[in-house]
Amino acid sequence: MQQFSKVVTELGNWFQTMKWYPFIRAIELQLLFGALVIKLLRELLYAFLPVSTFSTLNTIFYTIPVAALVHVVFLLTVWTTLVSNNAKYMPYALWAYAFIMLFPFTGLSLSGMITPAVYVYLGYALFRYSASSYALK
């Protein structure tokens, strides 16, 4: 845990040299969980709306690259949240992301379970880190 804490500290020092970091840091939790809500909303819309609306949904999420933008925002805020005092909320975000990846729980296979399992494990490891004495307070 001590080595990981040093890496997180150095990553935070590197982020502080960037001009965009103070803007992202001010709203990092809103961006993190907002991206998760949009990802879940996309999955719910595709699961419950009729097939005739898929062309509209594809236009919104893929032609206008909302899905890609949300994914990039999620990954960016994962890294910025990791180096902040809000790292204690990161395991919940990673577990929610794993849940969203599995939703609507149809067509589950071993290959489809590997990525969510990695996110669950990373969430568990970050949960242990945030409970340790080496975590940033």
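The values are calculated or read from the model by the stated rules, or taken from the named source; none is laboratory data. What you see is a predicted model; the values in this text were computed from it and never measured. All Cβ positions, glycine included, derive from the backbone under ideal geometry; neighbour counts span all protein chains shown. The area values use the complete protein model at the heavy-atom level, side chains included, leaving out ligands, DNA and RNA. Shrake-Rupley method; radii C 1.70, N 1.55, O 1.52, S 1.80 Å.
The figures follow:
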read-out	value
Segment 27-43 - residue that is touching a residue at least 40 places away in the same chain (Cβ under 8 Å) and either among the β-branched types (Val, Ile, Thr) or open to solvent by 30 Å² or more (accessible area, probe 1.4 Å) (or both) and, of those, nearest to Lys88 (Cα to Cα)	Leu29
Residues located in segment 78-120, provided they are without any contact (Cβ under 8 Å) to a residue 40 or more places away in the chain, under 14 Å from the mean Cα position of the chain (by Cα) and open to solvent by 60 Å² or more (accessible area, probe 1.4 Å)	Tyr92, Trp95, Phe99, Met101, Thr115, Val118, Val120
